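For reference, the structure discussed in these notes is given below.
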Amino acid sequence: MQRIGVFVCWCGTNIAATVDVQAVSDALAKEPGVVLSANYQYMCSQTGQDLIETAIREHALTGVVICSCSPRMHEQTFRKTVARAGLNPYLLEIANIREQCSWIHKDRAQATEKAIILGRAAIAKVQLNTPLQAGQSPVTKRALVIGGGIAGIQTALDIAEAGFAVDIVEKQPTIGGKMTQLDKTFPTLDCAACILTPKMVDCAQNEKIRIFSYSEVEAVSGFVGSFRVTIRKKARYVREDVCTGCGLCTEKCPQKKVPNAFNLGLDTRRAIYIPFAQAVPKVAVIDADYCSMLKNGKCGVCAKVCAAGAIDYTQKDELVECEYGAIVAATGYNPIDLSGYDEFAYSRSPDVVSSLEFERLMNAAGPTGGTLLRPSDKTHPKTIVFVQCVGSRCSAEGKGKTYCSKICCMYTAKHAMLCREKYPDTDVYVFYIDVRTPGKNFDEFYRRAVEEYGVHYIKGMVGKVSPEGGKLKVQASDLLDGRQLHIDADMVVLAAAIEPDKSARPLATMLTASMDTNDFFTEAHPKLRPVESPTAGVFLSGCCQGPKDIPETVAQASAAASKVIGLLSKDSIVCNPCVAQPDELMCNGCSSCEKVCPYGAITYLDKEFRGPNRTTLLRRVAQVNPAVCQGCGACTVACPSGAMDLKGFSNRQIMAEVDAICR
Amino acid sequence: MQVNSEWKPTIVAFCCNWCSYAGADLSGTNRLSYPANVRIIRIPCSCRLNPMFILRAFQRGADGVILCGCHPGDCRYTTGNYYARRRMTLLFSMLDYLGIERARTRVEWVSAAEGAKFAATMNDFVQTVTALGENRRLEDLRCKA
Amino acid sequence: MVFSYFPGCTLKNKGARLDLCGRRAAEALGFTLEELPEWQCCGGVYPQARDEIATRLSSVRALDAARRKGQSLVTLCSACHHVIRRVNGDMQRDAQIRGAVNRYLQLDTPYEGQTQVLHYLEVLRDVIGFDELARRVTRPLTGQRIGAYYGCLLLRPSREMCFDDPENPTILEQFIRAIGAEPVYYAMRNECCGGYTVLEPGGRAQKQAGKVLANAAACGAQTLITACPLCMYNLQKSVGGELPVRYFTELLAQALGLEVES
Amino acid sequence: MNRDLTQTVARIAGVNPRACMRCGKCTGACPAYDEMEYHPHQFVSMVETGRIDELLRSKGIYTCLSCFACIERCPRQVEPARLIEAVRVLAERKQGADHLRPQDIPARLDPDMPQQAITSALRKYRR
C-alpha cells in the first residue's frame, strides 16, 4: 500500500492569494494512498524542506507530491530534499500550482478547484512512480569554443587558466572577431587593438589552447560529457606549420583587385593575404575565388617568392574529429544588411556608411590610415549626420529587428565625440529616438559628447537622404523643436541593427540547442542560468545570446568559462534516469524504435528465451543504452507492440494523470 | 458573485517539457491568463504523446485535447516534433472516422519564449471547444460488461 | 500572349496617348491587350479606410472579369494599377473586406484575389524581358538623357505593391536603357507630384511638382517619363521647373519605330 | 478626450496607434510637412490620446498627399497616413461636411486636367 505525503506551498502570497491552500491540502488528504497532507508558507525554505524530510521519516512515506511552483524551478531542490530523507528522489512529483494556476487565474474558487485537480493528477502519477537510479557517464576533459571573437577568446583563456584543454574553432583566418575592426572603445576610449591583441597572443601561446582558424564545425554528436565534433579545416593553400607570416607573398601577388573584407570592402587586398598585421595565427591564406593559379592554373608567384616553401596549391579541406566534455557557442553578431534601407541612400551613395564602416574609416590601421575622408571623393566631411536605430526596434514585416541592438547609442556617442575631437571644424548631428545608456559611466560619456564636444543631439528621425550634387540632402524631423530639418551633409552614418551570425542557426540545429525567433541562442533561464543553453553541456558566450557590448561580453564569457570549468572538474556526471526501457518479453525486434531514435541509443541483441516444452528460442530484442538515451520517448510511440516505455513518464503514469484530470 | 452554472469544457493540454511547458510557465510569469479549465500534463517531448492518450482523454470525458511542442526545427531532441506532427495527422483522420470533431484536437508549436502565444492559443482553443459544446463521450465497452 | 486590359477613364481621353502608344507597342512586341467589356472607373484613389466597401467594388468586378477569362489583368495608368492591385491584395488577405464584397456582389463563385495584376512595365520586365525589348528597338533614343519619374503610386506601400524597391527602384531605368537612352538618377524620382491636391486652392501641387522638375533638370535630365496622367498634368503645370514630360509608352512606340497619330 | 472615437479611428484605419514609439520618421519623411498643422507623429499621438475632435476640425486632413511615404517608412506599422485617412473619412461621413462640393469643381477646372484628378479629389474630399 502506498503512503503518500502531500505538501502544499503558499509561496508567500504568490499562491496563497489566489488559491485556498488549506482547502487544497484538505481535499488532497482524501485522495487514495495519501496519509499526510500539509501546507506551509515556503516549502523551498530550509524549514519547509525540513518539514518534508521529517514527514518522510515519521510517516514512512513511499511517495511525495509537492504543490508549488513550476518543476522547472525547484524539482531539483526537492529531489535532493527527498533523497536526504532516504527516499528515492524519483518518487517525487510536483504539481505546478503557481505558474500554471495562481498566477494566471483571478477567481479564487476556480483557481482552488484547478489546484486540487492538478494535485490529484500528481498523486495519481506518483502512485505509479518507481525508484530510478541515475547512471554515470564520464566527462572528457576538453572544451570546445565555437567562435574566436573576444567572447570566445575570453572563455578559452579562462578555461585554460583553470588547467583544462580547450579548442577554439574560428571560421575566419584569424581569431579576434569584430573587435579587431573597432577603433576606440567606449566609455574609456582606449584602443580596441591595444587591449585585444595581447589576449590573442595569449591564446596562441597558451599550451592548453588549440586554435582551429579558418575552420568550421561540421557535425556534432554525443551529449554532455562526451560530445564528438567534426571540424572542417578549410584549405588555406598555405601550410600553417611552415608559413612564417613574413607577408612577402601578400606584396607580390599580382591580383590586386580583391575587395578587402576586413575593411568591409572600403579598399582592396591581394588574392593571398593576411587579414591584418596582428592576425593570430599569422599565416597567409589564398582566396580561392580570386587566385588565378587556383582558377586557371596560371601564375604561381606566391609559391616562387615564399622562402619557406609554405604554398601548397593542392591543399584540400581536412576533417578532424575530436571529443569534448563541453561546448561553448560564441558565434557573435553582424550588422544587418542595409540595402533594404535606401530611404537613407545606402546603396546609392558611398558616403552613406554603416557604423562599422565608419569605424574602419576612423581606424589608424584602416583604409585611410585614420584620416576621416569621404569614400566618394576622399575629402574631409564637414557635416556628418548619424542616424540611430536603423533596423532596430522595427516591427514592420520583413524589414528590421524588433529588439534594441543595445550598443548603438554608445558607439554613436563615441563616433560623434571622436569626430569633434579630431576635427573640431565638423558639425555633428545625431538623430535619436531614445538615448539608452544604462552602463557604468555610460550616461556620463554621452553627456560629455553633448556638453563638452558640442554634438547636436536631435530627438527625431531622418526620413530621407538624397544624394545631390556631391552632398547628401538629409530631411529629418526635430520633434522637440517641432521642425522639419533639411541638412546638407557630407556624410551619413547609419547605426545598423546587429543580428546573430548566420552560422548560428545551423550550429544550434547540430547542438540541438534552442534559439529564439531572432536566431539568438536561448538561455536555460533568463535570469538564473543566463550562460547555459537548455541543452546540457552547451554554454553561451557573447552576442550569440543577445546584443552586448564588450564589458558585458567579457563578463558573460568568463561566466560561461566558470560553468565549463565546473563541468570539466567532475570525473563523471549523473545521467538522466528517465530513459526508455523495452519489455523484452513483448519486443519482437522489428526495428521501428531504432529508426526513430535521434541518438542511436537503441541496438538489438539476439537473446535466448525459454520456449514451450523446455525449448529455448533465440529472439531479437531491443536494448537501450541508458547513457546515450536522452528520454524523448519517440520510440515508445513508434513501438507497435507497446514493448517500449519511458521511465518516469510511462504510459500508465500519463494515463493516470489523464484520468485524474478528466475525472 | 455569479453562480457558475454555465458549462465549461474540460481541456487537456500536453506540453513538451522544453518549449511549451516553459512557454506556459512564461505566460504564468507574465500573468497572461487563460481559462482555468485548461490542465497541463508535462511530457518530455511532443513525440512522447501516444495518440492513445488522446483517445483515453476523450473516453474519460475530455472535451478538447491540445498538444504543444517546440517549433519545427527547434526540438530539443532534434526531430521529435516532426514525429508528433505525422502521428497527429494520422490521428486526425481517425478522429474524423470516429465522429469526433477535428477542432477538438489541435497541435500548436509554442516556444519557451512565447508566453503570450501560449495564453492566446489556449484562449482560442477553449473558445473553439466551448462553441462545439460537450463532447460525445467515447465509451469503453469493456468497462460496461 | 493575351492579357485582360483595364485602361481606366483618363486613358480614354486626356491620357489617350499613354493608352494608344501602349497598345501599338504591345502589338509590335507580340502581346495582346484585350480591353475588358464594360469596365468601370477604379475610383482614382485606393480607399484606405477598411470599412469602405462600395469604393472597392468596381475594381473587384474588373478582377473577376479577368478571372473568368483566365487571364492576368494589365493596367497602364499608375493610379488604376495602384487601386486594383491593392484591392486585389485586400481580397486575398483581409477576410472582413473579402466577406463584405462578396456578399454585396453575389458572384457565381466568390472572388478571393485569384487574378494576377500586372502593370504594363512588369509585362515588359517579366514577360518580354528588357533584353528582348532592347533587341526589338529599331530607332534607339541614343544620347537622350531621360529621368524616370515614378511618383508614389507604383511603388508604395511596397509591402502591398511588390512592384520594385520603393526607395531605389530600377524598372524605369532599365526601360530607359532598353530603348537606347541614358537614365538620369535624381533624388525626387519617387516623391509625390502633388496628386489630387491640384484641386485645392493655393497651388501646392504645382510647387511640389516644380521641385521634382527642378531636381531632375539639375541632375541633367532632358526629358521625364511617367506612367501616370495626373503626374503628367502636375509636372506640366508645375511652377519652378521646365522639362518636357512624356508617357513612357510614347517613347516606347517611338523606339520601336511606330508612327502613332496624335 | 474621446476614447470611443480613438477606437473607431483605429478600426477604420486597421492599425494600432499605440504601437508608435515616437521616432518621428514619418514627420521626417513627410513632403507636405509645411502644410499640416498637426504633423504625422503628432497626428498619431492625438489619435491615441483621444483628441479626435481637434483633428476633425483640422485642415491638415485635406493636405495629406496620400503619397504613402510614412506608410512605407514607419518602423512600427502605425502608418500615419491610414490614421489621417480614417479621420478624414470620419469627418466626411458627417452630413454636409464635404470639403469639396460638386458645384465647386467647374471653377477649379482647366481644359487639360485629367479626369483622374477630379475623381480622386471627389473621393478624397467628399462623402
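Overview of results
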{"read-out": "Residue check, D:P114 crowded, with 22+ Cβ neighbours inside 10 Å, touching a residue at least 12 places away in the same chain (Cβ under 8 Å) and under 28 Å from C:E160 (Cα atoms)", "value": "no"}
{"read-out": "Test result for A:Y324, in contact with a Phe, Trp or Tyr (Cβ under 7 Å, 6 or more places away or on another chain) and under 30 Å from A:V224 (Cα atoms)", "value": "yes"}
{"read-out": "Given (1) modelled with pLDDT under 95; (2) surrounded by 23 or more Cβ atoms within 10 Å (Cβ to Cβ), index of the condition A:D190 fails", "value": "(2)"}
{"read-out": "Any hit, region C:107-115, residues being of a type in the set (A, V, I, L, M, F, W, C) and crowded, with 21+ Cβ neighbours inside 10 Å", "value": "no"}
{"read-out": "Top-ranked residue in region C:174-193 [being surrounded by 19 or more Cβ atoms within 10 Å (Cβ to Cβ) and closer than 16 Å to C:V137 by Cα; ranked as farthest from the other protein chains (Cβ to nearest Cβ)]", "value": "C:I179"}
{"read-out": "Region A:366-423, residues that are under 24 Å from A:C544 (Cβ atoms) and surrounded by fewer than 15 Cβ atoms within 10 Å (Cβ to Cβ)", "value": "A:G398, A:T402"}
{"read-out": "Residue among A:I97, A:I52 that alone is of a type in the set (V, I, T) and in contact with a Cys (Cβ under 6 Å, 6 or more places away or on another chain)", "value": "A:I97"}
{"read-out": "Residue that is in contact with a helix residue (DSSP H, G or I) (Cβ under 8 Å, 6 or more places away or on another chain), within 14 Å of chain D (Cβ to nearest Cβ) and in a loop (DSSP other than H, G, I, E, B), where the choices are A:S405, A:S392", "value": "A:S392"}
{"read-out": "Every residue from region A:323-347 that is within 14 Å of chain C (Cβ to nearest Cβ) and among the small types (G, A, S)", "value": "A:S339, A:G340, A:A345, A:S347"}
{"read-out": "Selected residue (only one of A:G439, A:G454, A:G460, A:G469 is more than 14 Å from chain D (Cβ to nearest Cβ) and at pLDDT 95 or above)", "value": "A:G454"}
{"read-out": "Matching entry among D:R108, D:R123, D:R82, D:R76 (being more than 7 Å from chain C (Cβ to nearest Cβ) and of a type in the set (D, E, K, R))", "value": "D:R76"}
{"read-out": "Cβ pairs under 6 Å, 6+ apart, first in region C:63-87 and within 13 Å of another protein chain (Cβ to nearest Cβ), second among the acidic types (D, E) and in a helix (DSSP H, G or I)", "value": "C:R86/C:E160"}
{"read-out": "Selection count where residues are surrounded by fewer than 24 Cβ atoms within 10 Å (Cβ to Cβ), within 12 Å of another protein chain (Cβ to nearest Cβ) and not in a helix (DSSP H, G or I), scope region C:227-244", "value": "1"}
{"read-out": "Residue satisfying all of: in region B:66-85; more than 9 Å from chain A (Cβ to nearest Cβ) and aliphatic (A, V, I, L, M); farthest from the chain's Cα centre (by Cα) among these", "value": "B:L67"}
{"read-out": "Index of the failed condition, D:I105 passing every other in (1) out of contact with any strand residue (DSSP E or B) (no Cβ under 9 Å at 6 or more places or on another chain); (2) in the same structural domain as D:A10 (by TED's automatic domain parsing)", "value": "(2)"}
{"read-out": "Among the candidates C:A187, C:A227, C:A209, residue that is more than 25 Å from C:Q48 (Cα to Cα) and of a type outside the set (D, E, K, R)", "value": "C:A187"}
{"read-out": "Considering residues of region A:29-50 that are in a helix (DSSP H, G or I) and surrounded by fewer than 19 Cβ atoms within 10 Å (Cβ to Cβ) only, the residue farthest from the chain's Cα centre (by Cα)", "value": "A:A29"}
{"read-out": "Some residue of region B:54-68 being over 22 Å from B:D96 (Cβ atoms) and among the acidic types (D, E)", "value": "no"}
{"read-out": "Residues of region A:124-140 classified as among the aliphatic types (A, V, I, L, M) and not in a loop (DSSP other than H, G, I, E, B), total", "value": "2"}
{"read-out": "Tabulated pairs, region A:453-482, first at positive phi, second surrounded by fewer than 24 Cβ atoms within 10 Å (Cβ to Cβ), C-beta under 6 angstrom, 6+ apart or interchain", "value": "A:G460/A:D478; A:G460/A:L479"}
{"read-out": "Within region A:633-663, tally of residues that are touching a Ser or Thr at 6+ places or on another chain (Cβ under 9 Å) and within 7 Å of chain B (Cβ to nearest Cβ)", "value": "7"}
{"read-out": "Residue in region C:198-216 that is within 30 Å of D:R123 (Cα to Cα), β-branched (V, I, T) and touching a helix residue (DSSP H, G or I) at 6+ places or on another chain (Cβ under 8 Å) present", "value": "yes"}
{"read-out": "Selection within region A:483-502 - touching a residue at least 40 places away in the same chain (Cβ under 8 Å), farther than 30 Å from A:C544 by Cα and in contact with a helix residue (DSSP H, G or I) (Cβ under 9 Å, 6 or more places away or on another chain)", "value": "A:M491"}
{"read-out": "Residue list for region D:65-87, filter: basic (K, R) and either touching a strand residue (DSSP E or B) at 6+ places or on another chain (Cβ under 8 Å) or buried (at least 24 other Cβ atoms within 10 Å of the Cβ) (or both)", "value": "D:R73, D:R82"}
{"read-out": "Residue check, A:D571 closer than 30 Å to A:K184 by Cβ and more than 10 Å from chain B (Cβ to nearest Cβ)", "value": "no"}
{"read-out": "Flag for A:A122 being away from chain B (no Cβ under 14 Å), touching a residue at least 12 places away in the same chain (Cβ under 8 Å) and out of contact with any helix residue (DSSP H, G or I) (no Cβ under 7 Å at 6 or more places or on another chain)", "value": "no"}
{"read-out": "Qualifying residues in region B:86-110 (those that are within 14 Å of chain A (Cβ to nearest Cβ) and out of contact with any helix residue (DSSP H, G or I) (no Cβ under 8 Å at 6 or more places or on another chain)) - the one nearest to A:V637 (Cα to Cα)", "value": "B:R86"}
{"read-out": "A:S477 being within 14 Å of another protein chain (Cβ to nearest Cβ) and surrounded by fewer than 19 Cβ atoms within 10 Å (Cβ to Cβ)", "value": "no"}
{"read-out": "Residue tally, condition assigned to a strand (DSSP E or B) and in contact with a Ser or Thr (Cβ under 7 Å, 6 or more places away or on another chain), over region A:574-603", "value": "1"}
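Conditions (1) in a helix (DSSP H, G or I); (2) touching a Leu at 6+ places or on another chain (Cβ under 9 Å); (3) small (G, A, S), marked per residue:
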position	(1), (2), (3)
D:Q77	no, no, no
D:R82	yes, no, no
D:V89	yes, no, no
D:A97	no, yes, yes
D:L122	yes, yes, no
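The values are calculated or read from the model by the stated rules, or taken from the named source; none is laboratory data. The shown structure was predicted, so the numbers you read here are calculated from the model rather than taken from an experiment. Don't worry about glycine lacking a Cβ; one is built from the backbone with ideal geometry, like all the others, and counts go over all protein chains shown.
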